[in-house]
Amino acid sequence: MRTRGGSGFAGLQVACVVAALCLLLPTGSRAQLQVGFYNTSCPNAEALVRQVVTAAFANNSGVAPGLIRLHFHDCFVRGCDASVLLSVNPAGGKTERESPANDPSLRVFDVIDAAKAAVERSCPRTVSCADVLAFAARDSVTLTGNLFYDVPAGRRDGRVSNETEANDNLLGPDSTAEILIDGFGKKNLSIEDMVVLSGSHTIGRSHCFSFLSTNRQRLANGTISPAYQALLEALCPPNPGQFTPNTTEIDVSTPTVLDNNYYKLLPLNLGLHFSDDQLIRNGTLAPFASAFAANETLWKDKFAAAMIKMGNIEVKTGTTDEIRLNCSVVNPSSSSSTAGVIEMRFPAADEVATS
Ligand code: HEM
Ligand SMILES: *[C@@H]1O[C@H](CO)[C@@H](O)[C@H](O)[C@H]1NC(C)=O
Ligand SMILES: *[C@@H]1O[C@H](CO)[C@@H](O)[C@H](O)[C@H]1NC(C)=O
Ligand SMILES: *[C@@H]1O[C@H](CO)[C@@H](O)[C@H](O)[C@H]1NC(C)=O
Ligand SMILES: *[C@@H]1O[C@H](CO)[C@@H](O)[C@H](O)[C@H]1NC(C)=O
Ligand SMILES: *[C@@H]1O[C@H](CO)[C@@H](O)[C@H](O)[C@H]1NC(C)=O
Ligand SMILES: *[C@@H]1O[C@H](CO)[C@@H](O)[C@H](O)[C@H]1NC(C)=O
Ligand SMILES: *[C@@H]1O[C@H](CO)[C@@H](O)[C@H](O)[C@H]1NC(C)=O
Ligand SMILES: *[C@@H]1O[C@H](CO)[C@@H](O)[C@H](O)[C@H]1NC(C)=O
Ligand SMILES: *[C@@H]1O[C@H](CO)[C@@H](O)[C@H](O)[C@H]1NC(C)=O
């Protein structure tokens, strides 16, 4: 308790300062993402992203898996801060994009650029690239799985992209159960989250160098169907070590639908990557995989929740870093002040190609 020695006014001032600090602390110390973050600053943000993603998906269904993986690879390296989108490393050296885990398999950067251009036209310098990517990944889930979830937003964009960090944090397709559990654990994602999120492989594609060589070894202990491996051998050139453009759908049954068939394929020895197969070989992981194979609703509920959790990894909030103007490059250092006006040319929607 304070004594009444000082003037009432000074006492009031102290109380106000303390109260102000207390009000500031929650946001300053543990800033949270918020659903509807752009309600007033850019009310159309999510609708604009959805329009661009929907149009790109209508032309090429690979856009959806491409965007979901892009969000995952963003979040696992320096948090969900759009660092994966940078094509230039301001500190010099190679970018995340240049990591073998990302190059040349990541795609649909152009869809993010188109979505960002749409929100910039409507509300300049307001919506971060990291949030555009999180919204676009959610829209991809909705388009392929008829599954919607609210995306908490307010992410800021980072100014660093470092190839080594991508190499160190992104998991390869030859990862064992132990490595998978450990890699997700480092991001505070549980064993169950890992099995749940691996279900993303119910859509999308993979390149021969991601599976062919290891699967030849899996033939020896019967962890891959010989007929499946024969099919894969037929579509890939014989030398599996080299990168080739040849790809196959990860889920051979329903490759464009976000469903639980991925988990049903695993016990049939039809898991494409060694890492997929691991989910049924380890006694800790297998019960999750079989529960999701048995109950699609269960998996979808958990998938939506795990995507939100993944989207929260090490996010930057408040006024740290920046709202990037061009998702491929950090803002020029002058752009934080109003003095530096940057010439941006955003392509019209019909100029944007997807790949
Ligand atoms: C558990 C560890 C994981 C490993 C080892 C892994 C590995 C891979 C590999 C090797 C590919 C194929 C890349 C290529 O050659 O084109 C791939 C594709 C894909 N991954 Fe994963 N992944 C994992 C987890 C995840 C998670 C957590 C997500 C999303 C939440 C995800 C989403 C996807 C999607 C959607 C594709 C298809 C991409 C496309 O069609 O462009 N993966 N993954
Ligand atoms: C934005 O509006 C939605 C719908 O009214 C509401 O649920 C959400 O809490 C709002 N978010 C913020 C940050 O204002
Ligand atoms: C990238 O990260 C690695 C590992 O943290 C570090 O040794 C290296 O100096 C970084 N490179 C740049 C250009 O910052
Ligand atoms: C599954 O793998 C983890 C990590 O390697 C290991 O600790 C655990 O003992 C394994 N569980 C079973 C039941 O094999
Ligand atoms: C995981 O949680 C711990 C404890 O809350 C925190 O210190 C750490 O930064 C978190 N790591 C990630 C990658 O979110
Ligand atoms: C089967 O073979 C692969 C490839 O040699 C090996 O890594 C794996 O440990 C073996 N056993 C199981 C249960 O996957
Ligand atoms: C792999 O892709 C190349 C280039 O598109 C194509 O020429 C070839 O026929 C494909 N299949 C095999 C088995 O090489
Ligand atoms: C499937 O999971 C849902 C969601 O957890 C649950 O409500 C439902 O009872 C489960 N269905 C069966 C057949 O177990
Ligand atoms: C964004 O930056 C990249 C790389 O410098 C450039 O090629 C592209 O034209 C820029 N986009 C816009 C809309 O200015
Ligand atoms: C449609 O998708 C194809 C690839 O499937 C791509 O080459 C083309 O540029 C896309 N067109 C538009 C308008 O996005």
Task: With every protein chain in place, the chain: carbon and sulfur % of accessible area (1.4 Å) - done: 56
- [ ] Assuming R0 = 41 Å, can you tell me the calculated FRET efficiency for the pair residue 87 and residue 39, based on Cβ-Cβ distance, to the nearest 0.05?
- [x] 0.85
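Only loop residues by DSSP count here, and only those with at most 11 other Cβ atoms within 10 Å; note down the chymotrypsin sites (Phe, Trp or Tyr not before Pro) in segment 94-181 that meet that.
Filter output for segment 94-181: 148.
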Open item on the list: I need the chymotrypsin sites (Phe, Trp or Tyr not before Pro) found in segment 223-322, filtered to DSSP loop residues with at most 14 other beta carbons within 10 Å of theirs.
Closed with: 243
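Might you tell me the accessible area per residue for segment 97-202, computed with a 1.4 Å probe and given in Å²?
34
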Open item on the list: At 1.4 Å probe size, what's the solvent-accessible area of residue 159? Round to the nearest 10 Å².
Closed with: 90
Open item on the list: Output the 0 to 90 degree angle, nearest 10, between the alpha-carbon long axis of helix 45-59 and the longest principal axis computed from the alpha carbons of the chain.
Closed with: 20
TODO: For helix 296-310, report the angle its Cα long axis makes with the longest principal axis of the Cα atoms of the chain; keep it between 0 and 90° and round to the nearest 10°.
DONE: 50
Task: Gaussian network model of the chain, springs between alpha carbon atoms under 10 Å - residue of 210, 275, 225 with greatest fluctuation - done: 225
TODO: Any chance you could check the Cα centroid distance between segment 38-54 and segment 256-270 for me, in angstrom?
DONE: 33
Task: Between segment 292-333 and segment 90-109, the Cα center-to-center distance that results, in Å - done: 18
Open item on the list: Checking the table 187/302; 94/302; 116/186 against a 27 Å threshold on Cα-Cα, which pairs fail?
Closed with: 94/302; 116/186
Task: Proximal aspartates and glutamates to residue 316, defined as alpha-carbon separation beneath 15 angstrom and excluding residues fewer than eight positions away on the same chain - done: 74, 81, 131, 157
Task: Nearest 10 degrees, 0 to 90: helix 129-145 Cα axis against the chain principal axis - done: 40
TODO: Kindly provide the trypsin sites (Lys or Arg not before Pro) of segment 179-238 that DSSP labels as loop, not H, G, I, E or B, and whose Cβ sees at most 12 other Cβ atoms within 10 Å.
DONE: 186
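The values are calculated or read from the model by the stated rules, or taken from the named source; none is laboratory data. Everything numeric in this text was worked out from a predicted model, so none of it was measured. Reconstructed Cβ throughout: ideal geometry from the backbone, glycine too, with neighbour counts over all protein chains shown. What goes into the accessible areas is simple: the full protein's heavy atoms, side chains included, and nothing from ligands, DNA or RNA. Shrake-Rupley method; radii C 1.70, N 1.55, O 1.52, S 1.80 Å.
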